[in-house]
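Taken together, the values in this text are just the output of simple stated rules run on the coordinates, not laboratory data. None of the values given here were measured: they were computed from a predicted structure. With ideal geometry, Cβ positions are generated from the backbone for all residues, glycine too; neighbour counts draw on all protein chains shown.
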């Protein structure tokens, strides 16, 4: 383990098992879709509706759409990065690390992570990408959200042994970089125009679809992944 990861994990491990209340609270927050994606998407949609100025509203929505598309690309880029990198066990599953799992962590949670690559964090890639889009619209809200995610997704997942600090750092950098790229003026307008045209033609279909998409994003597309994996196994003759 590199010195950066070692120093941060050692520091956080110093607080583990000191308080069952603290350990359980951190785990519940880390595992909560509300505190992760719910808060992010709540701010996202508040930014979407907040202005009555049509010119300002269009630019805001272009930025948010580009960040949303960037978030999906960032998750895919992170997946590719993980596939071409050596498999990395989660800290809680690494035998040589002797990681102390916080109180309140279910046993199935520990064993369930054994087959999942730790590097990089798809949570960080996804939500930091959206946070950058919000930052480009509102500096104060964006800074708040970046700090919030650094604690709720970053520190909490390291504390619980789900990720190494470098997993969070690289995932966050992927999300930030892709979001900034997608918000280049020419690219931003190109990717957002079809979405805004859909909104203009049919609010009655746009907003229900956006609600369903937002929900899937909040839960990190778990339903899509589950059904996708199922049908992939069917196609391969595994069922």
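Quick rundown of the values:
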read-out	value
Label point distance in nm, residue 138-residue 2, each placed 7 Å from Cα along Cα→Cβ	3.5 nm
Relative packing of 225-237, 201-213, which averages over residues the other C-beta atoms within 10 Å, highest first	201-213, 225-237
Estimated [θ] at 222 nm from DSSP helical runs (n ≥ 4, -39500 (n - 2.57)) normalised by residues in the chain, nearest 500	-22500 deg cm²/dmol
For peptides 18-30, 60-72, sequence by mean Cβ density within 10 Å, most packed first	60-72, 18-30
Gap separating the Cα centres of region 57-125 and region 216-232, nearest whole Å	15 Å
Cα-based Rg of region 6-107 normalised by 2.2 N^0.38 Å, two decimals	1.54
C-alpha long axis of helix 222-235 to longest principal axis of the chain, angle in °	80 degrees
Rg/Rg_globular for the chain, with Rg_globular taken as 2.2 N^0.38 Å and Rg from C-alpha atoms	1.08
0 to 90° range, to nearest 10: angle between helix 122-137 axis and the chain longest Cα axis	40 degrees
Residues 223, 167, 31, 83, sorted so that the one with the fewest Cβ neighbours within 10 Å comes first	83, 223, 31, 167
